[in-house]
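Asks: Once you've had a glance at the structure underneath, I'll fire off some questions.
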Amino acid sequence: MARLAKLGFINTSKTTGPVRRRIRSRGVPTALAGAEVFCTDEAATAEQMVGYLLGQHRLSVTSGDAPFQASMHAVRLRDVTMAYLDYQHPARLEFAETGNHYTVLMPTSGTAEARYNGTAATGLTYQGLVVNPHTRLFLSLAYDTPLLIIRIEVQALERQLSRMLGRSLDKQVLFEPEMNMTTDPAVRWHGSLQLLSSEVMTPNSLVQQGIGAGPIEELIISSLLWVQQSNVHSSLADVSQTGGRAAVRAAVAYIEEHLADPITLRDIARHTSRSARAIQQAFADDLRTTPMNYVRDRRLERARNQLADALPSDGITVTEVAERWGFNHLGNFSAAYRKRFGESPSQTLRR
């Protein structure tokens, strides 16, 4: 599990010390069994650690005569986190504002009642809760209501949606709060989670080897976008198959398939059967960028993924990654990388 231990939202050094009393975690999914983040009998510790995942909040627990017990297990790929949270008691979480991420909360038993920006919503074993970024949330968990949680970073969801639409976004994505897990489309969602679980559990899977995380994340994000009602759901269903958007989608598909190869504007234009000027205009209209800037940004994302996945034992260097993705001038690569991600390539590699 070493490669999947890079929990970017948690300082794992704070989770290695012993707790007062060892508590047996219960009902943990097999995929997360070896990925304990905390196991504690202190409510303050649980509040702090869960805050890294869901956002800062106030925790109130009704434990009765039984001592407080709580645990959380989690793995993070890059921009998608899967976690299992169990308070083992009735609990109330009050968020003045959730974090800058989308969160799907799925009770594995029991009931979760929520006030979601003032609107009532209910989570059950057959109905999850989808929480948008910066939401005022009051979450009440009944006795024996552990949660399976999927957290998706905002930028990752927006990038994926932009690629699916073939254009840049003009508004924040807002999901409806209740997610019906019993519909036919929901099979996509369950399937994506099963694939993630399988990759985490299998010792020699692609994800465990440091490759394949990106496509799995894209599958999970696109499944949520297709399954869950939102203010962009109709746009996905009604994307035009003609005009500039079709050309952009064809160009994007070509770019994705050839990111590791030399790509020129002429190559893109020839593949889409458009002139270079026409494809430039289509990218400007729909994605608000140029074709070659899009290629550069996608290569930077691939480089970031490879650096983030690397372990010291892999022997990967920044220079090697830069050259693999077509950046032959290390200084220019580092400057563009820092501008896009807010840190240097070497910082990503060391993390």
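Asks: Extending each Cα 7 Å along its Cβ direction at Ser273 and Tyr126, get the distance between those two points in nm, one decimal.
Replies: Once both label points are built, they end up 4.8 nm from each other.
Asks: Please list His101, His329 in order of solvent-accessible area, largest first, computed with a 1.4 Å probe with all protein chains present.
Replies: Result, largest first: His329, His101.
Asks: A further question follows. Using the Cβ atoms and a cut-off under 12 Å, what net charge is assigned to the surroundings of Ala121, where Lys and Arg are +1 and Asp and Glu are -1?
Replies: Surrounding charge for Ala121 is -2.
Asks: Enter the Cα centre distance for the pair the range 111-136 and the range 284-351, rounded to the nearest angstrom.
Replies: 37 Å
Asks: Something else now. Grab the DSSP H runs of the chain that are 4 residues or longer, score each as -39,500 (n - 2.57), total them, divide by all residues and round the 222 nm result to the nearest 500 deg cm²/dmol.
Replies: It comes out at -12000 deg cm²/dmol, rounded to the nearest 500.
Asks: In degrees between 0 and 90, to the nearest 10, how far off the longest principal axis of the chain does helix 243-257 point, with axes built from Cα atoms?
Replies: 80 degrees
Asks: Which whole-number percent gives the relative contact order of the chain, counting Cα pairs below 8 Å spaced six or more residues apart?
Replies: Dividing the mean separation by the residue count of the chain yields 13 percent.
Asks: Rounded to the nearest percent, how much of the accessible area of the chain (1.4 Å probe, protein heavy atoms only) is carbon and sulfur?
Replies: Carbon plus sulfur share of accessible area: 49 percent.
Asks: Can you list residues from other chains, or at least 5 along the same chain, whose modelled amide H is less than 5 Å from the amide H of Gly123?
Replies: Counting only residues 5 or more places away or on other chains, the set is Ala112, Glu113, Ala114.
Asks: Moving on. Please work out the average accessible area per residue across the chain, using the 1.4 Å probe convention, and give it in Å².
Replies: In whole numbers, the chain has 47 Å² accessible per residue.
Asks: What fraction of the DSSP beta bridges in the chain is antiparallel, stated in percent and rounded to the nearest 5?
Replies: Expressed as a percentage, antiparallel bridges in the chain total about 100.
Asks: Could you give the dipole magnitude of the chain about its Cα centre, charging the beta-carbon of Lys and Arg +1 and that of Asp and Glu -1, in debye to the nearest 20?
Replies: On the way: 38 positive and 34 negative charges, 181 e Å.
Using only the charged Cβ atoms, the result is roughly 860 debye.
Asks: Whole-Hz ³J(HN,Hα) for each residue in the range 113-118, computed from phi via Karplus 6.51 cos²θ - 1.76 cosθ + 1.60 with θ = phi - 60°, x for glycine and proline: what do you get?
Replies: Here the 3J(HN,Hα) series is 9, 10, 10, 10, 6, x Hz.
The values are calculated or read from the model by the stated rules, or taken from the named source; none is laboratory data. What you see is a predicted model, and the numbers here were worked out from it, not measured in a lab. Virtual Cβ from ideal backbone geometry, glycine too; neighbours counted across all protein chains shown. Accessible surface areas use protein heavy atoms only, side chains included; no ligands, DNA or RNA. Shrake-Rupley method; radii C 1.70, N 1.55, O 1.52, S 1.80 Å.
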